[in-house]
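**Q** There's a structure below that I have some questions on.
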Amino acid sequence: MKKNRSESNVIYLSANGPGGVGDVGKLYLHRPPPLAWAIHPGPLSRPDKCRAECGAQVRHEEITMMPTLNATTQPKTMTSTQRAGIVFTLACFLMLVSSAGAQVTFLYTFGTHAGDPAHPNNPGFVVQGRDGDLYSTSNDGGTDNAGTVFKITPTGQVSVLYSFDGVTGAFPSSGLTLGTDGNFYGTTFENGPSNYGTVFKITAQGQLTLLHGFDDSDGAAPWGAPVEGTDGAFYGTTEDGGSANCGTVYRVTAGGTFKTLYNFDGTHGCQPLAPLVLGNDGNFYGTTLQGGNNPTLGAIFKITPAGAITLLHSFDGTHGFSPYAPLMQASNGNFYGTTHNGGNNDGVIFEVTPAGVFTDLHDFDPSQDGGGPLSALVQGTNGILYGTTISGGTFNAGTIYSILLGGGGFNALYSFDGTSAAAAEAGLTQHTNGSFYADTAWGGVDNLGTLYSFNRGLSAFVRLVTTSAKVGKTVQILGQGFTGTTAVSFHGKAATFHVVSNTYLTALVPNGATSGFVTVATPGRVLKSNQVFRVIP
């Protein structure tokens, strides 16, 4: 199977008139906006159908000029009185909607300030940093309207850390992952040295380093952020490129040493759009949009850090197809994910074991559940899985839902209204304060997306940056209220620790430690990790 580059719906248009550097014309780029663009604004319709049937349909408002060095853009403006009136009206309406179900609070509307992030896309991981703030990327916005890296406080204060200009890449849909070095890692879908996307790292202060620019032969169009392996290197996927133009799996170090591990050819999948997830066994697990035993439906695979790949499951349509979302490994050791299509035509939630035993847990009914999920599931500290959809629900603008581990107990918890927010492409992330946070691709006063929190009344906890290590190795722990901490233990075994800040500490895996939960005794309470720590022999 070979996927042509043109199928990514990226079209390059040249202008014959003057302008740009050297007054020889400007380069314009049309690329698909966030995948859920077809549901808002305008008539509600299925984004996958538009992607497949409309081809590269040009919408004039989605054609943006590629930056020529110091180009800037200004969002549309409105008076403070107009904005205040709209915000007040939306807030009142949201309070009524939220009171009937889950507690959802809209914290920030993108487009509030010039150069703001805009249209955060899937997979769009929102990740907690050492400082307790949250970090992610937006597909658009910034000074050159080519995307941003931004920071959000838990109270909703947004700061743009970096605006992409095309030189270091453009249109980052990946979101970010936190490395053990304290830096964040992500990708851009386009541009960079060879115009096929980039891998980058960025500090919490906004200093960006380009690690690799794809040249098509080694991959093209990366959507997801790379994840850190047990060896300290970062592993990721590209949707396109490689020897068969079906995408690749790559490895890159924090210093920029790059290697292509695997070229997809359709047999084990094609178009690995979703990022990888590191399994408890040290291998990586992922999904592809196409390929496998049913060439157009997608697959689930496992790949070792050395690049040995195993096909675990081929989607059949009846039990789902087109898995845009990444997998996640739950506390029972199995992986969970969603498909955008299949089942009752609006996607499914599934479980798959590390050996490849597949179970269709739930088929979405858009009138009740939501439909067309693009985002990853997350397991809350109560053991329940949570996710979002981009369509369906009360207002046909997407939902937040929950399902019990192993299936059953599905609940649609909240329906986005399509005005304040729509198209929840990015997955929820649980902050160590207990609340969930995410953003939407559309909605808000300027229809550029919103940032929201989702509260289920869960208690604060601590998060381990790495969940496995040998005795004597340093483990990094995120949380809050660490000043004055009196004890850290690994499954009951006391550990030597160092409080770096109120939201970040380190601890050494003690002699005699066994696998289990990590606890931190702070002056206010004892906090427990949300994941089991595994002691490596």
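Coordinate-derived values only; no laboratory data. Remember, predicted model here, so these are calculated numbers, not experimental data. For neighbour counting, all protein chains shown are included, and Cβ atoms are generated from backbone atoms with ideal geometry for every residue, glycine included.
**Q** Which FRET efficiency, nearest 0.05, do Thr112 and Asp316 yield, Cβ-Cβ r, R0 30 Å?
**A** 0.10
**Q** Can you give the FRET efficiency to the nearest 0.05 for Ser367 and Leu404, using r as the Cβ-Cβ distance and R₀ = 30 Å?
**A** 0.85
**Q** Can you give the net charge of the other residues whose Cβ lies under 10 Å from the Cβ of Lys151, counting K and R as +1 and D and E as -1?
**A** So the environment of Lys151 carries a net charge of -2.
**Q** At 37 °C and 0.692 mPa s, grab the translational diffusion coefficient of the range 166-305 from Stokes-Einstein with a Kirkwood Rh over Cα pairs, rounded to a whole number in µm² per second.
**A** 226 µm²/s
**Q** Give the long-range amide H neighbours of Gly115: residues separated by 5 or more places, or on another chain, with amide H under 5 Å away, using H modelled in the peptide plane at 1.01 Å from N.
**A** Gly142
**Q** How do Glu228, Glu239, Glu425 rank when sorted from fewest to most other Cβ atoms within 10 Å of their own Cβ?
**A** Ranking Glu228, Glu239, Glu425 by Cβ neighbours within 10 Å, fewest first, gives Glu228, Glu239, Glu425.
**Q** Residue by residue through the range 377-385, which ³J(HN,Hα) values in whole Hz follow from phi under the Karplus form 6.51 cos²θ - 1.76 cosθ + 1.60 (θ = phi - 60°), with glycine and proline marked x?
**A** Karplus values, whole Hz, x for Gly and Pro: 7, 9, 9, x, 5, 8, x, 8, 8.
**Q** Same structure again: Suppose we take every Cα in the range 80-455 and form the convex hull; what volume per residue is that in Å³?
**A** 114 Å³
**Q** Please list, in chain and number order, the residues 5+ apart from Leu107 or on another chain whose amide H is under 5 Å from its amide H, with Hs placed from the backbone.
**A** Leu451, Tyr452, Ser453
**Q** Could you calculate the contour length gain from Val532 to Thr514, that is, 0.36 nm times the residue separation minus the distance between their Cα atoms, to one decimal place in nm?
**A** The Val532-Thr514 span can extend by a further 5.4 nm.
**Q** Next up: Can you give the FRET efficiency for Asn294 and Thr353, using 1/(1 + (r/R0)^6), R0 = 25 Å, r = Cβ-Cβ distance, to the nearest 0.05?
**A** Approximately 0.80, to the nearest 0.05.
**Q** Give, as ranges by residue number, the residues of the range 416-433 whose backbone N falls under 14 Å from the point 7 Å along Cα→Cβ of Asn382.
**A** none
**Q** Would you list the P(r) distribution for the range 120-190, with all Cα-Cα distances sorted into 10 Å bins from 0 and each bin expressed as a whole %?
**A** Pair shares across the bins are 24, 54, 22, 0.
**Q** Can you put Thr187, Thr318 in order of Cβ neighbours within 10 angstrom, beginning with the fewest?
**A** Thr318, Thr187
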